[in-house]
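Quick notes on the structure that follows.
Here, each number is a calculation from the coordinates, and none is a lab measurement. Nothing here was measured: the structure is a model prediction, and the numbers come from that model. Using ideal geometry, Cβ is built from the backbone for each residue, glycine included, and neighbour counts are taken over all protein chains shown.
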Amino acid sequence: MAKVLIAEDDRISQKLAVKIVEEMGHTAFVSPNGKHAYEALMAGNDFSMLLTDIMMPEMDGRQLIQTLRGDQQFMKLPIVIMSAVVGISEISNLLELGATLFLAKPLDRKELQEYIRRCIHGAPNNGD
């Protein structure tokens, strides 16, 4: 069982992501913004991955990625971006900043499950 941090200010997206993570047998923790997510990570919580929105109050997803990737202890943390409001060039920029994967909203259950498997287990599961 892995611990997944979900940085998302939209309640519907929060609930869906939590449900999918928990259905897979993992534990989900929700942060309402990037600053809260960063503080949770800095508190020494052993998260296996981060799911984050881009558009959030206080610290957005872009700032969160930059901050985390600038800290040695988070260099290898898988970070999956969940967003509905970005174009191809923005996705490319986020991946260059250090995001591991990009997931378009509204969230697709099978796609999110596959991304979680990849991030936590390191390999795709073809038996699903």
Report, by chain and number, residues whose modeled amide H sits under 5 Å from the one on MET56, excluding near sequence neighbours (fewer than 5 apart, same chain). GLY61
In nm, to one decimal, how far is the MET75 label point from the LYS110 one, both placed 7 Å along Cα→Cβ? 3.7
Among the aspartates and glutamates, which have Cα under 13 Å from the Cα of LYS105 when same-chain residues fewer than 8 positions away are ignored? GLU8, ASP10, ASP53
Over the chain: helical MRE at 222 nm, DSSP H runs n ≥ 4 each giving -39500 (n - 2.57), nearest 500: -12500 deg cm²/dmol
Where in region 20-36 does the label zone of HIS121 land, with the point 7 angstrom along Cα→C-beta and an amide N cut-off under 16 Å? 21-27
What lysines could a cross-link reach from LYS76, if we take a straight Cα to Cα line under 16 Å and drop same-chain neighbours fewer than 8 places away? LYS3
For the residue pair ILE91 and PHE29, what label-to-label distance in nm results when each label sits 7 Å from Cα along the Cα-to-beta-carbon direction? 3.0
